[in-house]
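Written out below as structure tokens is the structure these notes cover.
The values are calculated or read from the model by the stated rules, or taken from the named source; none is laboratory data. What you see is a predicted model; the values in this text were computed from it and never measured. Note that each Cβ is placed from the backbone with ideal geometry, even for glycine, and that neighbours are counted across all protein chains shown.
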Amino acid sequence: MTAASEDELAAAAAAAKTQSVRAFARKRPVRKPWPETIERERVVIEPPTACACCGGFRLSKLGEDVTETLEEIPRRFKLIETVREKFTCRDCEKITQPPAPFHVTPRGFIGPQLLATILFDKFGMHAPLNRQSARFKAEGIELPLSTLADQVGHGTFAVMPLFQLIERHVLAAERLHGDDTTIRILAKGKCTTGRIWTYTRDDRPFDRACAAGGDLLRLERPARRASSEASGRVRRHPSVRLLQWLRAAVRPQRKEQPITPAFCYAHARRGFFELADIAKKARDGKKGKPISPIALEAVRRLDALFEIERAINGRSAAERYAVRQEKSKPLLADMHAWLLRERDTLSRSSEVLKPINYMLRRWADFTRFIDDGRICLSNNAAERALRGIAMTDSYCTSSSNVRKQGLLVFHFDA
């Protein structure tokens with residue numbers, strides 16, 4: 001066999017492993033224009049006074065080329081000395097002095113603009129206070145970690161009226177999205193486990209009036225126990241009658257529930273999708289788990305329900321109810337019978353048995369959306385509200401008191 005034939009065989013083998021894809025035209029990236037509010041500085045390079053070719057002096061402007069360069073002006077710190085002069089009356093000897101101006105923090109030395117920057121960096125950009133302290137030191141300002149933590153506490157107290165307004169608005173809803181996640185809180189000598197609760201009011205899927213402007217607010221608080229916040233806040237509120245996917249607030253052993261639970265189909269679908277992820281199987285190769293045909297069929301059936309929901313999103317609750325009774329209810333009845341049949345054929349060690357039992361044991365709560373047009377098929381609104389919490393492990397490192405920490409994180413990105 002010659003070298004040429006070996007090369008041809010290698011090329012043929014390589015071509016057999018490839019697949020043809022549909023051609024498409026790639027769009028060239030276009031830089032977005034800079035905001036009109038940005039400060040602009042025009043720097044004009046002096047033109048020559050004589051022609052470089054013939055040396056003539058009769059030059060006329062033909063045009064100009066402008067090159068834009070984005071530059072940063074380092075932030076500057078300044079001390080504002082507020083002087084209150086004292087005067088004494090020569091007639092009655094009484095001392096007169098103007099009152100002290102308003103300050104965000106009592107007896108504090110941090111101005112409102114700097115305080116807003118500290119709070120935004122911590123809660124908006126997820127920069128922990130120890131890194132902020134190091135940056136201030138690099139810029140020549142000594143602000144210890146304890147000082148920054150105290151200022152954060154004062155700042156949250158200053159916006160407490162806004163928090164109470166948000167809380168009243170969120171808990172006044174008849175239906176809420178609820179979810180929670182754990183966080184680490186720095187304590188003396190160790191880290192304790194806190195819990196962030198989120199209650200999301202989102203009436204846009206079934207209220208046309210809210211569809212344009214949006215009505216999404218959330219409330220977040222840590223708690224030591226998983227069910228303490230749900231018991232103490234949601235259950236005692238008279239207007240909340242429907243809560244989507246807050247497991248700690250639901251006790252199946254109780255005959256009378258203070259709230260009506262509605263479970264999340266996205267969470268149920270996730271259990272099947274992990275066993276039917278063809279793309280992940282292709283990436284893992286031989287080491288990947290085999291694709292489950294039952295899980296693949298379950299994902300297909302659940303996707304059919306989500307397709308119906310996408311078509312009725314934004315309609316009124318009555319319209320959503322009518323469409324669900326006509327289209328979704330038969331699909332659910334068929335899916336329930338199919339899950340029961342497949343469960344009887346599986347062994348106890350089967351991985352797909354877990355997501356099947358998860359749905360069948362909570363079938364009444366999963367099918368509650370059929371009879372109520374306000375209920376959403378998924379609880380993704382609450383899960384999206386908690387996405388920012390998972391961006392950093394250093395989100396809450398400035399307090400050893402869970403109650404105080406609750407004030408630090410309740411609403412800054414609501």
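Hey, any hits in the range 381-394 for a residue that's at pLDDT 90 or above, closer than 21 Å to Glu307 by Cβ and crowded, with 20+ Cβ neighbours inside 10 Å? No, the range 381-394 contains no residue that is at pLDDT 90 or above, closer than 21 Å to Glu307 by Cβ and crowded, with 20+ Cβ neighbours inside 10 Å.
Report every pair of residues separated by at least 6 positions or lying on different chains whose Cβ atoms are under 7 Å apart, first residue within the range 66-77 and not assigned by TED's automatic domain parsing to the domain that holds Thr117 and of a type outside the set (A, V, I, L, M), second in a loop (DSSP other than H, G, I, E, B) and modelled with pLDDT of 90 or more. As it stands, the answer is Phe77/Ile141, since those pairs meet every condition given. Within the range 310-339, being out of contact with any helix residue (DSSP H, G or I) (no Cβ under 7 Å at 6 or more places or on another chain), over 17 Å from Arg300 (Cβ atoms) and of a type outside the set (S, T, N, Q) holds for Ala311, Arg315, Ala317, Ala318, Tyr321, Ala322, Glu326. Check off (1) touching a Phe, Trp or Tyr at 6+ places or on another chain (Cβ under 9 Å); (2) closer than 18 Å to Pro261 by Cα; (3) surrounded by 14 or more Cβ atoms within 10 Å (Cβ to Cβ) for Tyr321 and give me the number that stays unchecked. Going through the list (1) touching a Phe, Trp or Tyr at 6+ places or on another chain (Cβ under 9 Å); (2) closer than 18 Å to Pro261 by Cα; (3) surrounded by 14 or more Cβ atoms within 10 Å (Cβ to Cβ), Tyr321 breaks only (1). Being assigned to a helix (DSSP H, G or I) and outside the structural domain of Ile389 (by TED's automatic domain parsing): is that true of Gln164 here? In short, no. Scanning the range 130-153 for residues being assigned to a helix (DSSP H, G or I) and under 21 Å from Pro74 (Cβ atoms) gives a total of 9.
Looking at this structure, is Ser350 surrounded by 14 or more Cβ atoms within 10 Å (Cβ to Cβ), of a type in the set (Ser, Thr, Tyr) and over 24 Å from Cys376 (Cα atoms)?
Details: surrounded by 14 or more Cβ atoms within 10 Å (Cβ to Cβ): yes; of a type in the set (Ser, Thr, Tyr): yes; over 24 Å from Cys376 (Cα atoms): yes.
Yes.
Screening Trp197 with (1) within 30 Å of Tyr265 (Cβ to Cβ); (2) aromatic (Phe, Trp, Tyr); (3) part of a loop (DSSP other than H, G, I, E, B) gives one miss only, at (3). As a summary of the residue check, Phe77 satisfies the conditions (1) of a type in the set (A, V, I, L, M, F, W, C); (2) within 30 Å of Val43 (Cα to Cα); (3) not in a loop (DSSP other than H, G, I, E, B) except for the one numbered (3).
Listed by first and then second residue, the pairs with beta-carbon distance under 8 Å, at least 6 apart or on different chains, first residue in the range 299-323 and at positive phi, second loosely packed, with under 14 Cβ neighbours inside 10 Å and in a helix (DSSP H, G or I), are Gly314/Arg208. Residues in the range 251-265 include at least one that is aliphatic (A, V, I, L, M), at pLDDT 65 or above and more than 26 Å from Ile389 (Cα to Cα).
Considered as a group, the residues in the range 112-129 that are touching a residue at least 40 places away in the same chain (Cβ under 8 Å) and outside any helix (DSSP H, G or I) include one that is nearest to the chain's Cα centre (by Cα), and that residue is His126.
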